[in-house]
Structure formats: C-alpha cells, structure tokens
Amino acid sequence: MRWIIDADPGVDDAAAIITCLQLGLDVVGIGVVHGNSPLQDTLRNALRLKDLLQSEVPVYAGCSRAILEPQLNATEVHGQDGLGDVRWPAIKSRQELTHAVDMIIAESLQHPGNLGILAVGPLTNLAVALIKDPSLSQRVSRLVIMGGTSGAKGNTTIVGEFNFAADPEAAAVVLGSGIPITLMPWETCLHNLITLEQLEQGGREALQNPVAQQFLQITAELQRRTESYIGSPGFLLCDLLAAAIILDPLVIEEQRDVFAAVETAGTFGRGLTAIDYAGVSGRAPNVSIVLKVNTDRVAALLRQALIA
Ligand code: RIB
Ligand code: CA
C-alpha cells in the first residue's frame, strides 16, 4: 500500500513522520495543513523534518484555514514555532508547486485501491479533496486518523478534540465519506504515554545521532508539559500512536466497529464525536475506534526509527 501523510507539524506529528519515514513506510507525499500552528509554520516544520531525515518524500502545502471554523492553534502545546522552539539549520528543501488537495486526488488516480492516508491534523485537505472529487472515496483504501474522542472528553472545547474542533465540517465530511476508517481518539492517547525509559531500553548510546537528538530536543517541552498536565512521566504523542498502528497492527489491543459522526451544530456540542456504542441509531458502523494500545510496541517502533 502507498501512503500519504496529512499533518500539521506539531511535535507529535514530527514523531509520526520521523517513525514512518525512518521505518520505510511507502510514503508518496506529505500534505501539510493549518492546525497546531498557522500553515506557514506547519509547512516550514515539515520542510525542516524533510531536511533532518534527508528524505526525498515531497512536501505539499495545503489549506491554510478551516471550512468554517475560525483559526485555532495549539502553540501553547507545540511552541511558538510549532516544533518545540529549538534551533534548526537553514532549510534546504522546498515544497512542491502542487496543492496538497490536488496531490491527494492525483495520487489516488495513480494508485486506485492501493492508497492509504494517515491524517493527523485537522481534516481540511482531505475534506476539500472529497468535495472537489467525490469519486476519491472509491479509490482510497483506508484512512488512519488521529482525532476525535471515544467518550466526549475534549482537549480543546468541552467535547472537542483539537483536530476535529479545528474543522468540524471537514471531520463530518471525512467520517461520512464511506472510506474505511481506523480512528485513534484523544482518550486512548491520554492513557498511553511513551516514556524516555522505554526509549532508552537497549542503551542510550544508540540515541547519540542527529535525528534522535533533535527529536529529544523538540519533545523536551512537551514532556515537561505532559508530566505537569497528567502527573506521570512520558510523552503524549497522539500522532505517533496513529502511525504505529499502520507500521505494526499488533499495537492495537482493543478496537470496536461503531457508527460515528461529528456534530457541527450546538453551543457546547460542536466538534463532538458522536458514537453509537449501543447500536441504537440503526446506522452501519463506519469507524473502527481504537480503545487500547500496546505502548511497549509503540516505543519499540519509535526507538527503532530514532536509531535507524
Ligand atoms: O488533539 C491532538 C491532535 O491535535 C494531535 O494531532 C496534535 O498534533 C494536534 O494536531
Ligand atoms: Ca497533529
């Protein structure tokens, strides 16, 4: 299967991108979207990562704003520059001229029935691609999405997880697309931190390389923030968990097929992931929601990527 990564780098997006590229996932393109930071920053961060990994994978700028939702960012979590506010060399890589929305459509025509999309930011690029070309849903084999909630425990609004709250209309379009979806919700991420101790198992020496050292620098503040927010040591790397289930399906320890939709109306409910666990809606399941993961397997993938 060929893959597109659609992201808003973002510290945990960086963990996902580093792990996917270092472990050889067949990535045909990285689409960048507004989210953790404004698009110009998430785009610059994607190019930084391309340089760091000396990767040939092309980077495409996507949508700079949501379909309707006013701009939401998360610089308080990811830093003013969106990538931990650490030092980086001057950028060498350049983004492609094609827009990420057009790249998604083009790659689906190149690889019909053999293309997956790992979406770890607001879903604007994918939703606009589906609106521009509704037949796209017939050609994309699988979506693996970090977003939404399994129990309405929001991190951005009362009920809204950031990626869905930053563009509820886009999330609604994507969940209604009919493409098979594996969903990694916020609560599962919250209960499955990756610790430095797990990363250092097998020795610290192997982490003495440019990629691992830069990763440890960009995640240092996130680690401190995670520990003060949750009260236990570790990294809260949501997007890495989503990437990990592609690289190692045994990471998933519990999942459920459910009907899920995204609420776009309401004062308190906008951005809610409405999930029919009881099957009362009569609607066929459209999402496989991941409820438990094996963090040792996730940490092993990240370590393998950092020492590659
Ligand atoms: O709610 C967590 C999600 O929002 C992650 O994808 C993080 O990078 C931010 O985009
Ligand atoms: Ca993200």
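Taken over segment 173-194, the criterion of being surrounded by fewer than 16 Cβ atoms within 10 Å (Cβ to Cβ) and either under 28 Å from Val128 (Cα atoms) or polar (S, T, N, Q) (or both) is satisfied by Gly176, Gly178, Pro180.
Scanning segment 56-82 for residues that are among the aliphatic types (A, V, I, L, M), modelled with pLDDT of 95 or more and within 18 Å of the chain's Cα centre (by Cα) turns up Val57, Val59, Ala61, Ala66. Of the residues making up segment 183-196, one or more are assigned to a helix (DSSP H, G or I), within 22 Å of Thr264 (Cβ to Cβ) and at pLDDT 95 or above. Going residue by residue through segment 62-73, is there one that turns out to be surrounded by fewer than 20 Cβ atoms within 10 Å (Cβ to Cβ), over 26 Å from Val173 (Cβ atoms) and either touching a His at 6+ places or on another chain (Cβ under 8 Å) or not β-branched (Val, Ile, Thr) (or both)? Looking for residues that are surrounded by fewer than 20 Cβ atoms within 10 Å (Cβ to Cβ), over 26 Å from Val173 (Cβ atoms) and either touching a His at 6+ places or on another chain (Cβ under 8 Å) or not β-branched (Val, Ile, Thr) (or both), one finds none in segment 62-73, hence no.
Candidates in segment 15-59 are the residues that are closer than 19 Å to Phe164 by Cα and part of a helix (DSSP H, G or I); of these, the one that is farthest from ligand 2 (Cβ to nearest atom) is Leu39. Contact map, segment 9-20: first residue more than 8 Å from ligand 1 (Cβ to nearest atom), second residue part of a helix (DSSP H, G or I) and of a type in the set (Asp, Glu), Cβ cut-off under 7 Å, separation 6 or more or different chains; pairs are Ala15/Asp239; Ala16/Asp239.
The number of residues in segment 136-158 being under 18 Å from the mean Cα position of the chain (by Cα) and either away from ligand 1 (no atom under 14 Å from the Cβ) or crowded, with 18+ Cβ neighbours inside 10 Å (or both) comes to 13.
The values are calculated or read from the model by the stated rules, or taken from the named source; none is laboratory data. It should be emphasised that the depicted structure is a prediction, and the values quoted were computed from it without experimental measurement. Cβ sites come from the backbone with ideal geometry, for glycine too, and all protein chains shown count toward neighbours.
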